[in-house]
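**Student:** Here it is, the structure in full.
Every number in this text was worked out from the coordinates using simple rules, so none of it is lab data. Everything numeric here is computed off the predicted structure, so don't read it as measured data. Reconstructed Cβ throughout: ideal geometry from the backbone, glycine too, with neighbour counts over all protein chains shown.
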Amino acid sequence: MRHAVRRIAVMAVVLVVTFAMVMPFFMMVGNSFKLDTEIAARPLSIVPQTPTLYNFRVLFDRIPFWRQFINSTFVATAATFSSTFVSALVAFGFARFQFKGKRALFMIVIATILIPPQVLIVPQFRMFVSFLWINTYWPLILPGMVGGFYVYLIHQIMLGIPRDLFECAQIDGATEFRIFRIVAIPLAKAGLAIVTVLRFMGSWNEFFAPLLYLNDQEMLTLPVGLATLRGFTEITLGIPMAGALLSSVPILLLLSTVGNRYFVQGITAGALKG
Amino acid sequence: MRRTSRHLAPYLFISPFVLSFLVFYVYPIISGIELSLTDQLGFGESNFVGAANYLRVLTDSRFWKSISNVALLFFFGSLASIVTLAIAMAHVINAPEIGRLRRPFTTILFAPNVTSVIVIGIIFSFLLKTDGGAINEFLGLFGIEPVQWLRDPRWAIPSLIILVVWRYLGVNTLYVLAGLQAIPTSLYEAADIEGARGFQKFFRITLPLLGPIMEFIIFQAAIGTFAVFGEPFVLVGGAGTQNSMLFPTFYLYDTSINRMRFGYAAAMAFVLATIILVITIIQRRLFRSSEE
């Protein structure tokens, strides 16, 4: 009897919360295929009565959507690969060797995680202006490349690799870079996957830096491109909705495939280590 | 030859970090301090003004309005709503009764967290619309008059609370779950033998042992609330009616990038960083003392 009550209670919560979580997404999908007159119509319905591709046509007219989609893909891919590779190099340096200043340097790695990013905004902006980096992708790729958290995460996993493996390779005459490539990288794969997923997601969704550094429509990444549609969210909702829908497809696909494993692991790894 | 390369190897591996640290952290912070002591406007000449910018920040009512918005969103959104709901959701996910729905339910809870803030902003500008918005329509079913979520300054923070609860409930539930897994089951077995009730186990074992993860959650929430930017940017274009949605990062952005008052903005950033630092220290103290 008590079991049945508990079961009903748990299921009721699951149902209500699922409803609250997915409804906004469903409404985004539905509204993308509605004219604004229908979006404003009452009573609300999710399924469009007269489905239309009008919003998508206007969207492609207003902003170079696919161009921005490719920009986002390029930036996210470049940021992800460079970040994972370089963070792994640094993590290996800390995990493999004893050297002067190691403790202090590692403390600095951790400290970079804790520095409030707000203090960097203004001076970095002026610095990148002087580098002539405005309207280029460098500010989106280089500053976040050696992420303190990424180094920390990969470092923790590399510490778990038996030292004998490194030494065997060393006796066989392998260079340190080769040891990194054939021993450390394969054995730290789980950590690298987490970093890959987190950095890709972060970069794909990043809004602040691209807003600051990109101003040419043809150069914008998707979040900023979509934000330029905001000017008329008061007038029209259908068009930004259509853009929002198309832009969230890749990341939701990623979540539903590899996501559960690496997103969830990445998040919990961060929490437990923090 | 071989020996020297072995000796150099560690430094070669960590050199990208050292380089990145010097270029993207050390130099900006030093030049930021320098900048904050000048009246730098745009990219031309500037004069040394000492601590004048800092003193102006301390009496800048818009700045303090943005801090009080952070405080409201943090206490009512993060602490009162998200943390309690996340603890509840973690228990639901851990309940044996959920059965095969566990994984899909976890993924659904987590989905908003991988969605960009702009997409979320666009969705919520529909949900929070005064006329015909989904939330007002839903409240209308219970005879509640339409609320001017985004226009009425009194409803600005509640609007953001709804948004952040939806966005961050999932990820915080995962944090709590991670914390729950770290609690040894033997403690609960011992409590069962002693005949402890469910709520006794919750308050005597679960809650105290979630301490470290709570510290992490609250730290993340505080940092995240100070960094709020995209939500008000999409929903109301930045500051909202009577600065009701003004957040420090937007104020900083507006002062520097839009108005080019770089000297003043640099000083504001350091005041902000000091506030964040003080909060972090207080929070550490609180958690450390409660653990003893």
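**Student:** Amide H to amide H, which residues 5 or more places from B:T38 or on other chains are under 5 Å from it, using H placed in the peptide plane?
**Tutor:** B:V49
**Student:** Give me, ordered by chain and number, the residues 5 or more places off B:G237 or on other chains with an amide H under 5 Å from its own placed amide H.
**Tutor:** Hits under the 5 Å cutoff: none.
**Student:** In what order do A:I161, A:I141 fall by count of nearby beta-carbon atoms within 10 Å, going from fewest to most? Please report the intermediate quantities before stating the final value.
**Tutor:** Values: A:I161 17, A:I141 20.
Ranked by crowding around the Cβ, least crowded first: A:I161, A:I141.
**Student:** For chain A, what does the helix formula give at 222 nm: sum of -39500 (n - 2.57) over DSSP H segments with n ≥ 4, over the residue count, nearest 500 deg cm²/dmol?
**Tutor:** -22000 deg cm²/dmol
**Student:** May I ask for the angle, rounded to the nearest 10°, between helix A:148-159 and the longest principal axis of chain A, with both axes built from Cα atoms and the value confined to 0 to 90°?
**Tutor:** In chain A, helix A:148-159 runs at an angle near 50 degrees to the longest axis.
**Student:** Provide B:D254, A:D61 in ascending order of the number of other Cβ atoms located within 10 Å of each residue's Cβ, fewest first. Walk me through the intermediate numbers first.
**Tutor:** On the way: B:D254 16, A:D61 10.
Going from least to most buried by this count: A:D61, B:D254.
**Student:** In deg cm²/dmol and to the nearest 500, what is the mean residue ellipticity at 222 nm of chain B if only DSSP H runs of at least 4 residues count, each as -39500 (n - 2.57), divided by the residue total?
**Tutor:** Per the formula, -20000 deg cm²/dmol.
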